[in-house]
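A short worksheet on the structure shown next.
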2 protein chains.
Amino acid sequence: MKEGPDISHLAALIGDPARANMLTALMSGQALTARELAMEAGITPQTASSHLKKLQEGRLIALRQQGRHRYFALAGPEVSAVLESLMGLAGGMGQRRSRVGPKDASLRHARVCYNHLAGQRGVQMYDSLLRQDMLVLTPNGITVSPAGEAFVSALGVDLAGLRTARPLCRDCLDWSERRSHLGGALGRALLAQMEAKGWARRSKDSRAIVFTSEGKRQFDRAFPPQGLT
Amino acid sequence: MKEGPDISHLAALIGDPARANMLTALMSGQALTARELAMEAGITPQTASSHLKKLQEGRLIALRQQGRHRYFALAGPEVSAVLESLMGLAGGMGQRRSRVGPKDASLRHARVCYNHLAGQRGVQMYDSLLRQDMLVLTPNGITVSPAGEAFVSALGVDLAGLRTARPLCRDCLDWSERRSHLGGALGRALLAQMEAKGWARRSKDSRAIVFTSEGKRQFDRAFPPQGLT
DNA sequence: GCAATGCTTCGATACGGATCGAAGCATTTG
DNA sequence: CAAATGCTTCGATCCGTATCGAAGCATTGC
C-alpha cells in the first residue's frame, strides 16, 4: 500500500548532509551561487554541482543565471515551511545534538526565515500585532485591520505596493518557539523596514539577526511583549 | 556553517521507501505490529526489524509490547505533522507521479490523519465550525465557544472527558487541501463519533474514510459547506 | 586575445546501507 | 511439552550514491 504523494524521494533529497546544509543556507531567502553553496556544505564545486542538479530536478530550488554565476534560491515558501517543520521535529531531539553552541541561542532569539523575522522576536511581533488587533485571524486567513494598516504604514511599509503580493500575511510555524510568526509579503516588508531603520542587521555568516540596543528599544515599543500593553 | 537542528539525519530516516511506507501506514493513528508493517513495506520481517529499530532510535515511533507482538505507533502528532508537511510539498510535484489512481481521489475526499478527519471533508468540517463561531481562533490557539460546546456535546462528544487532553484543538495543515483541518483531542473525538454513528468507516486497506449516503447527509447537515448556511 | 574564474561533465573509487537466508530467542497455542 | 508463530540478531552480498581529480565549456576582466 503506497498512499498519497511519494515522500521518500523528497525526504531523501533533504536527507543528505551536504544538501541539507545548502537548503538551510538558502532559508535566509537570499540566492547564493553554486560556489557559495559548495562552501556552505564544505564540498568541492563539482560535488555541489551534482547535488544542486538533483535539488533542481526535485523542484526544491530554482536557478537564475547571471553570466557565469548561477544563483540558486529555494523554489518557494512551501519549501521553507517543510524545512522549518523538519527543524521543529529535529529540534525536539535537541538533547541528542552533541553541542548546543551560542549560535543556537542567537538563532532562537531572532533569525531570518525566508526573508521574514523568526525566533522569539518574530513570535513576539506576531503576537503583539494580533493582541493589538492589527492583524485579525479569520477562517480565510490573516487580514490586516484598518488600525494595522495605519500602523505598518507609519513604520514605513508601502502597503499599496504589497497588495499585489499573495499571500500578504502567512502564518509560519516557528521551529524554535513552536508557535507562529508572521510570514508572507507583510512579514518580509516588516523585516526589511527594521533593516532599513538600522534596528537590526543580518549576521554575515549566519541566519541570526542582530538587534542594536536602540533597535531593541524601538522593537519593544512597536511590538510590546505580553504584559506591557 | 551548520545551523539549527540537524535535519538531514531526520530526513534520511524518512527518505528510505520502506521506512516511508511504514510511517505513512502509521499515520492513521493506529498501532501496527512489526509483521504488519513489514507487509506494508513489502519487505521481510528481518529487514523491517532493522528499519523499525532505526525509527525508534530516531524517536519517530514508539513501541508497546504485548507478549510476542510488538506494536509500533507514531511517537506523536508532531511526527504526523511533519509527514503531512512533506506530503504537501511532494503532492505539489504530483505531476511527477507516474499514476494518479482512484485511491488518491478517495484520500483527498476524506482520510484519517492521526485519528482525526482530513481531506475535503476534514477541511469542510473545520471551516464550518469556524464559520458558525463554534470554534474561535485566538492568538493562544483555538478555543471552543459555548455554542460549540453545546454542539459537539449534542453530537455525543464527552467534552469533560476531553478537557484533560492537551491540545483540545489543534490546527493541522492538510496536504491535499492546502488549508487546515481540525486535529487535537476534539478532532479525534469527532471522527470517533462519526464512526460510532455509522456515518463513516475506515477503509480496511487504506487511510481513506468512506461515508455512507446517510452519513454524507448527516455530515453536510452538521457541517454545512460554504453557501449553505 | 589570453588568463582567470565559475561551473558542469566524466570516470573511477570507496563507503554506507538496504536486503535476505540462517539462526536464535520469546511467546502463544493445543 | 512440542510445535507454531513473532521477532531480533548475525553475516554476507550487492547496489546506489557521495566524492573528487581531471577535463572541458562559458563568461569575465585586463
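The values are calculated or read from the model by the stated rules, or taken from the named source; none is laboratory data. Just so you know, these numbers come straight off a predicted model, no measurement behind them. Ideal geometry is used to build each Cβ from the backbone, glycine not excepted, and the neighbour counts take in all protein chains shown. These area figures cover heavy atoms from the full protein model, side chains too; ligands, DNA and RNA do not enter into them. Shrake-Rupley method; radii C 1.70, N 1.55, O 1.52, S 1.80 Å.
Please specify each residue of region B:35-62 satisfying the condition of being on the phi > 0 side of the Ramachandran plot and polar (S, T, N, Q).
Matches in region B:35-62: none.
Conditions: (1) more than 9 Å from DNA strand D (Cβ to nearest atom); (2) open to solvent by less than 50 Å² (accessible area, probe 1.4 Å); (3) out of contact with any Phe, Trp or Tyr (no Cβ under 8 Å at 6 or more places or on another chain). B:Ala48 meets all but one. Number of the miss?
Answer for B:Ala48: the failing condition is (1).
Examine region B:164-183 for a residue that is more than 24 Å from A:Ser85 (Cα to Cα) and modelled with pLDDT under 95, and state whether such a residue exists.
Yes, some residue in region B:164-183 is more than 24 Å from A:Ser85 (Cα to Cα) and modelled with pLDDT under 95.
Assess whether B:Glu36 counts as being away from DNA strand C (no atom under 15 Å from the Cβ), more than 10 Å from chain A (Cβ to nearest Cβ), open to solvent by 60 Å² or more (accessible area, probe 1.4 Å) and not hydrophobic (A, V, I, L, M, F, W, C).
yes
Return the only residue of A:His9, A:His69 being more than 19 Å from B:Leu86 (Cβ to Cβ) and within 14 Å of DNA strand C (Cβ to nearest atom).
Values: A:His9 fails: more than 19 Å from B:Leu86 (Cβ to Cβ).
Step by step, each of A:His9, A:His69 is checked, and only A:His69 is more than 19 Å from B:Leu86 (Cβ to Cβ) and within 14 Å of DNA strand C (Cβ to nearest atom).
Spot the failing condition for B:Ala75; the list is (1) of a type outside the set (Asp, Glu); (2) more than 10 Å from DNA strand C (Cβ to nearest atom); (3) surrounded by fewer than 17 Cβ atoms within 10 Å (Cβ to Cβ), and only one is missed.
Looking at each condition in turn, B:Ala75 falls short on (3).
Residues A:Ser50, A:Ser98, A:Ser85: which one is modelled with pLDDT of 95 or more and not basic (Lys, Arg)?
On the way: A:Ser98 fails: modelled with pLDDT of 95 or more; A:Ser85 fails: modelled with pLDDT of 95 or more.
Only one candidate qualifies: A:Ser50.
What are the residues in region B:188-212 that are closer than 25 Å to B:Glu36 by Cα and among the aliphatic types (A, V, I, L, M), if any? Spell out the reasoning first.
Looking only at region B:188-212, we keep the residues that are closer than 25 Å to B:Glu36 by Cα, and these are B:188, B:191-192, B:195, B:200-210.
Result: B:Leu191, B:Ala192, B:Ala200, B:Ala208, B:Ile209, B:Val210.
Kindly provide the set of residues from region A:22-44 that are more than 8 Å from DNA strand D (Cβ to nearest atom) and over 18 Å from A:Ala75 (Cα atoms), ordered by number.
Filtering region A:22-44 down to residues more than 8 Å from DNA strand D (Cβ to nearest atom) leaves A:22-40.
Scanning region A:22-44 gives A:Arg35, A:Ala38, A:Met39, A:Glu40.
For the condition among the charged types (D, E, K, R), touching a Phe, Trp or Tyr at 6+ places or on another chain (Cβ under 9 Å), more than 9 Å from DNA strand D (Cβ to nearest atom) and farther than 17 Å from A:Val82 by Cβ, what is the one hit in B:Arg19, B:Arg59, B:Arg64?
Result: B:Arg64 is the single residue among B:Arg19, B:Arg59, B:Arg64 that is among the charged types (D, E, K, R), touching a Phe, Trp or Tyr at 6+ places or on another chain (Cβ under 9 Å), more than 9 Å from DNA strand D (Cβ to nearest atom) and farther than 17 Å from A:Val82 by Cβ.
Do we find that B:Ser8 is modelled with pLDDT of 90 or more, away from DNA strand D (no atom under 12 Å from the Cβ) and either assigned by TED's automatic domain parsing to the domain that holds B:Pro167 or under 26 Å from A:Arg108 (Cβ atoms) (or both) in this structure?
Judged against the criteria, B:Ser8 is not a match.
Might you check whether a residue that is more than 14 Å from chain A (Cβ to nearest Cβ) and polar (S, T, N, Q) occurs anywhere in region B:182-195?
Yes, because at least one residue in region B:182-195 is more than 14 Å from chain A (Cβ to nearest Cβ) and polar (S, T, N, Q).
Taking A:Gly29, is it more than 9 Å from DNA strand C (Cβ to nearest atom), out of contact with any Asp or Glu (no Cβ under 6 Å at 6 or more places or on another chain) and away from chain B (no Cβ under 12 Å)?
Numbers: more than 9 Å from DNA strand C (Cβ to nearest atom): yes; out of contact with any Asp or Glu (no Cβ under 6 Å at 6 or more places or on another chain): yes; away from chain B (no Cβ under 12 Å): yes.
When the stated conditions are applied, A:Gly29 passes them.
Quickly run through region B:116-152 and pick out the residues that are more than 10 Å from every other protein chain (Cβ to nearest Cβ) and hydroxyl-bearing (Ser, Thr, Tyr).
B:Thr143, B:Ser145
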